[in-house]
1. Over all directions, how big on average is the projection of the convex hull of the alpha-carbon atoms in the stretch 57-108, in square nanometres?
2. In whole Å, what are the extents of the stretch 329-426 along the principal axes defined by its C-alpha atoms, from largest to smallest?
3. Could you run the Debye sum over the Cα atoms of the stretch 1-102, one equal point scatterer each and no solvent, and tell me log10 of I(q)/I(0) at q = 0.13, 0.15 Å⁻¹, two decimals?
4. Expressed in nm to one decimal, what extension gain is obtained for the pair residue 355 and residue 371 from 0.36 nm per residue of sequence separation less their Cα-Cα distance?
5. Top mean-square fluctuation among 92, 381, 23, Gaussian network model of the chain, C-alpha springs under 10 Å?
6. As I understand it, the value is the acute angle between the Cα axis of helix 88-97 and the longest principal axis of the Cα atoms of the chain; what does it come to in degrees, rounded to 10?
7. I'd like the Kirkwood hydrodynamic radius of the stretch 149-232, using the inverse of the mean 1/r over distinct C-alpha pairs, in Å.
8. For the stretch 115-266, compute Rg over Rh where Rg is the Cα radius of gyration and Rh is the Kirkwood radius from the inverse mean 1/r over Cα pairs.
């Protein structure tokens, strides 16, 4: 394939126009083994929903879009094997038709399963782990062109699931599933900042999934999104929620955009996959023309973080489209943004102006720096991840065992991992 290849938002133009599209596992193994033997670096191109160069390469790209779209549900085991390139929205429909569900979904269903897990993508909910916490097994093709499967009890598993594509090409994932459930979604306008400062723990515990949105033009949050399972026994929240007022029509996370492109609101019950994401699969998610960043902090540092960013509120407001605040449960995956700690995430959707954003992002990171932030692996940031991800050295050693020649490395991974010498546990 020739011609410029860009990411979803268009802010990244990949360094190569060489793209392989194998149609079978055998073809993929041949591509990987052959290019590795020739000393050519490879990275997998997923749905392109990353905003930095984590998927870029000075070698060649591999797309799994032509691979068989496997979705193999095992009702007895409560698991599903799913092809890596399938999008969550497509998987969710198949699961729901069979009477099953995932524990959570991200804000948009357009992202690929493998790419989302590999970068630590998450949804929202005090008791909900990131998307990768549903993984109980994975198949990957290593640099010698050989496929192998890692199960949950394999010692390398916690380091491999959020793997940044650095160990091999993930071809399939086995996910835990549960019986299908229904969700009601409520949106409230103008949540007072004072209520968040005083009652943040109660607010985020009040639903299965809770998200707060601000554009930083005032202290109040523009909207609060409350998602409740219909089987949780909670009563209707009513017209007021922690001082916010029930929305009178559909809302969009980005102020001024049409709410009709979002999932059904107003407390109308619906399938889990049609309520947990903010955006509907058939529409362009978010705003499209954007840059994204996200910083994940210990959950109990939320009020401090908001206070720190108050000092540059005007600067943030000048370049932001929206900012989402949500929580994620702790897990044991080495490179997960929620590794070892219950987490609060501050996600920023910026205007697509890198020059204007750069100094604001630097100021924001200076203010959040003392609060132990971790930057999302697939989004724009200047932070050195070694300062926030304490198992990064162990992961670097793991990549040396799986990929000693660096076939699946790139310039960004070289910068993140070079010089880290801690031996990986076996």
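Coordinate-derived values only; no laboratory data. Not measured: the values here are computed from a predicted model. Note that we place each Cβ from the backbone using ideal geometry, even for glycine, and neighbour counts take in every protein chain shown.
1. 5.0
2. Dimensions of the stretch 329-426 along the principal axes of its Cα atoms: 42, 30, 19 Å.
3. Each listed q maps to, in turn, -0.57, -0.72.
4. Working: separation 16, 0.36 × 16 = 5.76 nm, distance 2.61 nm.
Full extension of this stretch gives 3.2 nm more.
5. In the Gaussian network model the winner is 23.
6. On a 0 to 90 degree scale, this one is about 80.
7. Details: mean 1/r = 0.0608 Å⁻¹.
In the stretch 149-232 this quantity evaluates to 16.4 Å.
8. Rounded to two decimals, Rg/Rh equals 1.09.
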